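J.: Can you keep this structure in mind? I'll have questions shortly.
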Amino acid sequence: MRFPLLLLSILLLLGACRKSSKLNSDAEAIELNLIVERFDVEFANASPEDLPNLKSKYPFLFPEQVPDTLWIEKMQSELQHEIHSEVLTAFPDFDEETQRIERFFKYASHYFPDVEIPKIYTLAEEVNYRQKLVLTDELLFISLDNYLGKDHKFYQGLAKYIAFQQDKLFLISDIAEAFAKQQLNRKRSRTFLADMIYHGKILYFKDVLMPFETDAQKIYYSEDQWEWAQSNTTEIWSYFVERNLIYSTDKRLEDRFINLGPYSKFYLELDQESSPRIGQYIGWQIVRNYMKKFPNTNLKELLELEADVIFKKSKYKP
């Protein structure tokens, strides 16, 4: 499908497993005034004559680079009407999701008190799984067409491992990931270890800020994938160590063990049974091990630590 017009506009403007982490009573007690605007519903009910009012109400969604003719075409598109219908069926209201998002931002404001809670706008776009949401310092845009469930007809052309993540179960994980990347130092060395721990930090960040969700939701795993990763951790680590992969700078390791894919690539018969992105999982366990040994390290300090420091001090050995 075409690149979503609304998210393109925003970018132009910008340029079921156990819960291992603990709830924080102080964070839970925080009161927030979370504002959610169902822009998708307003746009679905609008006619071309309403466009000036929409542009006046939501100027940040209508940059000058996008002509009115494209917006009118979008309003009148049969595909867009179908998308709006399917989104409204899946999300007749947004109450449950709002509660989950609000809960996440309670934790975010507890651990990062200087961060402004963004105003939230829901969109109905054209299914771009690479751009499910956009988080800025003040705004959060969520494209609800990316959260209709893995078996939805809109996702029939996607690979199953991609469609699996097109579910509202992973909405908080997507928000947490976007927020974590805002806080995380992007400077990384080129080693496989650095890649693993970079993602391990993001996943530990989710441990702290979304302890009310499952570990599987944090890493986008099914229950079977989570169980496979847990059951084979020792063998996975031995594979990495015996083949001298830990400090390797071979960029192909990212596609094999870090990036989105249907499974991890050990080049063994078991590959298609393996959990995907297993390097992220191992990085997560290294960071968790470090935090068990140094529990007084706060989240901001952890995000700044070098990968090699975390690894050596964690004494990780599953």
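The values are calculated or read from the model by the stated rules, or taken from the named source; none is laboratory data. Just so it is clear, the structure is predicted and the values come from calculations on it, not from any experiment. When we count neighbours, we look across all protein chains shown, and the Cβ atoms used for this are built from the backbone with ideal geometry, even at glycine.
J.: Could you tell me which residue of the stretch 130-142 is surrounded by the most Cβ atoms within 10 Å (Cβ to Cβ), considering only residues that are within 19 Å of Q80 (Cα to Cα) and modelled with pLDDT of 95 or more?
T.: I142
J.: Can you confirm whether the stretch 32-46 contains a residue that is under 25 Å from K206 (Cβ atoms), within 21 Å of the chain's Cα centre (by Cα) and outside any strand (DSSP E or B)?
T.: Checked the stretch 32-46: at least one residue is under 25 Å from K206 (Cβ atoms), within 21 Å of the chain's Cα centre (by Cα) and outside any strand (DSSP E or B).
J.: If you don't mind, there's one more thing I want to ask. What number of residues in the stretch 49-76 are of a type in the set (V, I, T) and at pLDDT below 95?
T.: Restricting attention to the stretch 49-76, the residues satisfying the condition of being of a type in the set (V, I, T) are 66, 69, 72.
Those left that are additionally at pLDDT below 95: 66.
Residues meeting the conditions: 1.
J.: Out of curiosity, is I117 surrounded by 16 or more Cβ atoms within 10 Å (Cβ to Cβ) and outside any helix (DSSP H, G or I)?
T.: On the way: surrounded by 16 or more Cβ atoms within 10 Å (Cβ to Cβ): yes; outside any helix (DSSP H, G or I): yes.
The answer is yes for I117.
One line per residue, one yes/no per condition, for (1) among the polar types (S, T, N, Q); (2) outside the structural domain of A46 (by TED's automatic domain parsing); (3) buried (at least 16 other Cβ atoms within 10 Å of the Cβ); (4) farther than 21 Å from L133 by Cβ:
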site	(1), (2), (3), (4)
P67	no, no, no, yes
M75	no, no, yes, yes
E78	no, no, no, yes
I83	no, no, yes, no
E86	no, no, yes, no
Q99	yes, no, no, no
F104	no, no, yes, no
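J.: Filtering the stretch 154-198 down to residues that are over 21 Å from S109 (Cα atoms) and β-branched (V, I, T), which residue is farthest from the chain's Cα centre (by Cα)? Walk me through how you get there before you give the answer.
T.: If we filter the stretch 154-198 for residues that are over 21 Å from S109 (Cα atoms), which is where we start, we get 154-169, 186-198.
Those still in the list that are β-branched (V, I, T) too: 162, 191, 197.
Values: I162: 13, T191: 23, I197: 17 Å.
This residue is T191.
So that you can scan it fast, the table gives a plain yes or no per residue for (1) surrounded by fewer than 17 Cβ atoms within 10 Å (Cβ to Cβ); (2) within 25 Å of S173 (Cβ to Cβ); (3) at pLDDT 95 or above; (4) within 24 Å of the chain's Cα centre (by Cα):
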position: S231; (1), (2), (3), (4): yes, yes, yes, no
position: Y239; (1), (2), (3), (4): yes, no, yes, no
position: G261; (1), (2), (3), (4): yes, yes, yes, yes
position: L270; (1), (2), (3), (4): yes, no, no, no
position: Y281; (1), (2), (3), (4): no, yes, yes, yes
position: Y290; (1), (2), (3), (4): no, yes, yes, yes
position: E304; (1), (2), (3), (4): yes, yes, no, yes
position: S314; (1), (2), (3), (4): no, yes, yes, no
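J.: Now for a separate question. With the requirement that a residue be touching a Ser or Thr at 6+ places or on another chain (Cβ under 9 Å) and aromatic (F, W, Y), what does the stretch 214-239 give you?
T.: Matches in the stretch 214-239: Y220, Y221, W226, W228.
J.: What number of residues within the stretch 153-170 are surrounded by 18 or more Cβ atoms within 10 Å (Cβ to Cβ) and either in contact with an Asp or Glu (Cβ under 6 Å, 6 or more places away or on another chain) or in a loop (DSSP other than H, G, I, E, B) (or both)?
T.: Residues in the stretch 153-170 being surrounded by 18 or more Cβ atoms within 10 Å (Cβ to Cβ) and either in contact with an Asp or Glu (Cβ under 6 Å, 6 or more places away or on another chain) or in a loop (DSSP other than H, G, I, E, B) (or both): 3 in total.
J.: Given the stretch 186-277, what helices (runs of 4 or more DSSP H) lie entirely inside it while holding 3 or more residues that are outside the structural domain of Q99 (by TED's automatic domain parsing) and acidic (D, E)?
T.: On the way: elements: 192-209, 215-219, 223-231, 233-242, 252-257.
It comes to 223-231.
J.: Right, another one. Identify all residues within the stretch 293-302 that are part of a helix (DSSP H, G or I) and under 25 Å from the mean Cα position of the chain (by Cα); write none if there are none.
T.: Just the residues of the stretch 293-302 that are part of a helix (DSSP H, G or I), to begin with: 293, 299-302.
If the condition is that a residue be part of a helix (DSSP H, G or I) and under 25 Å from the mean Cα position of the chain (by Cα), then L299, K300, E301, L302 are the ones that fit.
J.: Being under 26 Å from T98 (Cα atoms), of a type outside the set (D, E, K, R) and at pLDDT 95 or above, is that true of even one residue in the stretch 181-198? It would help to see each step written out before you state the result.
T.: First, pick out the residues of the stretch 181-198 that are under 26 Å from T98 (Cα atoms): 181-184.
Now narrow it down to the ones that are of a type outside the set (D, E, K, R): 182-184.
Now narrow it down to the ones that are at pLDDT 95 or above: none.
Within the stretch 181-198, none of the residues are under 26 Å from T98 (Cα atoms), of a type outside the set (D, E, K, R) and at pLDDT 95 or above.
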